[in-house]
Amino acid sequence: REGGHGTPPVSAMALRTAGVDDAGGIASVYLATWRSHGQDLLGNSKSEEPDDSSKAETPDDSSKADKPDDSSKPDDAKAVATVDESKVGPEAQDEQTKRFETFLRGLDRLFIVVEDKKEGAIVGFVSYGPSLSRKGFGEIMQLYVHPDWQLKGFGSKLLKDAWRDMGTKPWSSEGLHVWCTKGNAGNKVYDKAGWEVSGYEKKIVPTMSSGPVLVAEYAALCSAPESDDDEMLVFKDVGTTRMMFESVGAAVAVALLVIFAAYGPMLWQAVQGQRPLPGFAAVPEANVGVRVQINPIKMGFPHAQCLDGSFPTYYHRAATGPAATSGKNWLLYFQGGGWCRPDPPDSDDKEPLPFPPSLIDWCSDRATSELGSTRSDAATHDFSEKPLFSKDPFQNPMFHDWHVVFIRYCDGSSFSSRPGAAILQAILKHLTKHRGFSKAAEVVVSGCSAGAVAAALHAGAVRNAVPDANIAALLDSGFFPDWSRPHHHDGTTERAPPGIWPIDTHLQLAIRDHGSVLAGSMPADCLLHHQDAPWRCAFLEHLLPFVAVPSFVLQSRFDASNVREAEDGASLRKLGEATGWRLDAALAARPGVHGLFLDSCFHHCMSWGQIAAAAPGEDGPTQPEAFAAWWWDHVISPRKGAIPPGRWDHLHFPADDPGLCSADGSTDGPPCDANSLGSPCLSQSCCARAVPDMDFWRKTFSAERLFQKK
């Protein structure tokens, strides 16, 4: 059916919220649909043709039960319900108008309508609100399109707009659902939108039915997927939703045909790399990842949601060159970005946290940012921003042609909360099922900052997904000291020095409030070892001895993310000394398993290929070279007997810094060793990015500016 005779063009339609004055128009659509497709709505149609009037409405006295109903067995469902003709006659218009006026005046049901702007007539509607049977869920109550306007996509548009709106409501934080009559071909509107049959069924008596019908539950997350480019452009204005259509497709198609007719052969040769286009220089191959958004219900992990309820997302760059042929080399990278604390029950207790938001903030604030939501994620991600993802084999000899997966961070707990762990499981399942990850032979799990903590926590989950692969973790700048830990020399404890952020005090609270200890995301043997303080398993110095795979740590002694005042030399020296002995102790707990590249530059996160391990005046391997050597000796072909070196150091002994030691015997103090250095290198002679790194991190040092920002 393409619509009734003389129907106006689709571009004359508008989508908007409904008011009480629309009750009559809504009632007309409702009755017309029941008169024309009543048996379809009751599940009695033999037609397979999809229809936008997609469900039997949930009755006003909807059952509160939310489990399979034994009465729904096939032998008990032989009686066929029919449309009650006494309820759809001409006199029913007034009755239904009054009924919908009651709904529209209430607060528990919202309406969106499709309207013919020229005639002012409503041709479809959707109603939705808090679920009648599931606490924390939103529910589609009714979805109807006038028979003359079906098969034009209006049912899908209404569903998606209601879906988006419910995604902003507190009463739908757990998800969405709808009860659809079994056998109704119109249920395909939910299948097409990605909703999943939950397996729950029950019987209801629709308002227009002579008897009970069997309905099945469809469910979805509260975050609607983005519209495709060829869909209506929907935008809200003072509570009203309108649709805008662009009629440029034909013109674009004609223009492309003209261009291809003139330049087709030349373009084809350029695509194949046989010749460049005239007037154009050769362009390097793009280094981008393509966005993949996952419906976690399809993956079997309905709790896999970002802080705002949006979908798990990753970006994938396929392998190239020889690595593309085998498809067996994978780099999985967890995005970093600090942590958040779940908001306290009493809003009066929500005080500004004494940290930059990039370190620790409240989860309700983070939910509105890209670190708590994937709603605004672009279709592609520029991988050239990180040297680790470089496609240059000289800068990045190991990973330049591997598959790269950039896992978006949006749960605020290093994927250790229940939703966070479910996000990872959904992504791993999707990679295995749809991207060929099950064939992986060599896998490196990496991340920076909070992402490095995530990589350490979940390396075991990755190993379980591909148990036959060689797997290692590459952990960059994931060290944040637990200052409550007794000192290795004299057993004394101290708080964070004045110039250092006391991140440990709030990170342990974040781990506690996220329920990470009970979410199953921390190694069981680590929790057993630290059963008196299980939050310690979120700190790399305690976690590293229990990481499930060999791990290589990239870390600055003077990690800039830990520092609040760069001019506080005494605090910097304490940070450097604390970093060294804590990481050495973690490596010593499993000798020959883990590796470490420790540097003295003032930075945070990837300086891949820009720092060499050497004492002053010496040449040594860069981070990529050190990791490659360690990867081969400790992971791919581990040697028996003598264990090859697993620790590399970028040493810096400034002659004009008294520090804590003497580099050449000319000053008082013990000889300098790897853990008794003075201040960080702040010149380009020893750290290539010293100047830009200092300029960047200086912005975070002033506590006064931080509180003004708050």
**Asked** Could you give the nm distance between label points at Ser173 and Val20, where each point is 7 Å from its Cα heading toward the beta carbon?
**Response** 3.3 nm
**Under 5 Å, built H, 5+ apart or other chain: amide partners of Leu474** = Val445, Ser446, Gly447, Phe552
**Fill in**
In order over segment 342-355: 3J(HN,Hα) from phi, Karplus 6.51/-1.76/1.60, θ = phi - 60°, whole Hz, x for each Gly or Pro, gives x, 5, x, x, 9, 4, 5, 8, 8, 9, x, 7, x, 9
**Request:** Would you grab the residues whose amide H sits under 5 Å from the one on Val114? Only those 5+ places off in sequence or on another chain, please, with H modelled 1.01 Å from N.
**Result:** Val123, Gly124, Phe125
**Message:** Between Glu370 and Arg495, what is 0.36 nm times their sequence separation minus the Cα-Cα distance? Round to one decimal in nm.
**Reply:** 41.8 nm
**Request:** Send over a whole-number figure in Å² for the accessible area per residue of segment 397-521, probe 1.4 Å.
**Result:** 32 Å²
**Item:** Portion, in percent, of the accessible area of segment 111-186 that falls on carbon or sulfur, probe 1.4 Å
**Value:** 49 percent
**Message:** With just the Cα atoms defining each centre, how far is segment 118-166 from segment 431-449? Give it in Å.
**Reply:** 40 Å
**Prompt:** What is the spin-label model distance, in nm, from Lys203 to Asp191 if the labels are put 7 Å beyond Cα along the C-beta direction?
**Reply:** 2.6 nm
**Item:** Mean Cα-pair separation over length for segment 433-543, i.e. relative contact order, pairs under 8 Å, 6 or more apart, %
**Value:** 25 percent
**Request:** Measure off, as a whole percent, the carbon and sulfur share of the 1.4 Å-probe accessible area of segment 385-527, all protein chains present.
**Result:** 51 percent
**Request:** Starting from the amide H of Leu151, placed 1.01 Å from N in the peptide plane, find each other amide H under 5 Å away whose residue is 5 or more places distant or on another chain.
**Result:** Asp52
**Prompt:** Tell me, what is the per residue accessible area of segment 536-636 in Å², probe radius 1.4 Å?
**Reply:** 27 Å²
**Request:** Please turn the phi angles of segment 170-181 into ³J(HN,Hα) values with the Karplus equation 6.51 cos²θ - 1.76 cosθ + 1.60 (θ = phi - 60°), one per residue in order, whole Hz, x for glycine and proline.
**Result:** x, 6, 10, 5, 8, x, 10, 8, 7, 9, 10, 4
**Message:** How would segment 442-553 be classified by its alpha-carbon gyration tensor: rounded, prolate or oblate, with rounded meaning a/c under 1.5 and the a/b versus b/c comparison settling the rest?
**Reply:** prolate
**Request:** Would you work out if segment 350-470 is rounded, prolate or oblate? Take a ≥ b ≥ c from the square roots of the eigenvalues of the alpha-carbon gyration tensor; rounded if a/c is under 1.5, else prolate when a/b is larger than b/c, oblate otherwise.
**Result:** prolate
**Message:** Between Glu85 and Asp584, what's the calculated FRET efficiency when r is the beta-carbon distance and R0 is 60 Å? Round to 0.05.
**Reply:** 0.10
**Request:** Once you've got the Cα coordinates, tell me which of Lys202/Lys298; Lys160/Lys298; Lys203/Lys298; Lys160/Lys386; Lys87/Lys182; Lys152/Lys182 are over 28 Å apart.
**Result:** Lys160/Lys386
**Item:** Derived scalar couplings ³J(HN,Hα) [segment 555-569; Karplus, 6.51 cos²θ - 1.76 cosθ + 1.60; whole Hz; x for Gly, Pro]
**Value:** 8, 8, 4, 10, 3, 4, 6, 8, 9, 10, 9, 5, 7, 7, x
**Request:** Please give, to one decimal in nm, the separation of the simple spin-label points placed at Asp695 and Ser326, each 7 Å out from Cα toward the Cβ.
**Result:** 4.2 nm
**Request:** Note down the relative contact order for segment 385-424 as a percent, whole number, built from C-alpha pairs under 8 angstrom at least six residues apart.
**Result:** 21 percent
**Asked** So what is the relative contact order for segment 300-381, in percent, with contacts set as C-alpha pairs under 8 Å and at least six apart?
**Response** 38 percent
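The values are calculated or read from the model by the stated rules, or taken from the named source; none is laboratory data. Just so we're clear, the structure is a prediction, and the values are computed from it rather than from any experiment. A quick note on method: Cβ atoms are made from the backbone with ideal geometry, for glycine too, and the neighbour counts reach across all protein chains shown. Keep in mind that these areas ignore ligands, DNA and RNA; they rest on the heavy atoms of the full protein, side chains included. Shrake-Rupley method; radii C 1.70, N 1.55, O 1.52, S 1.80 Å.
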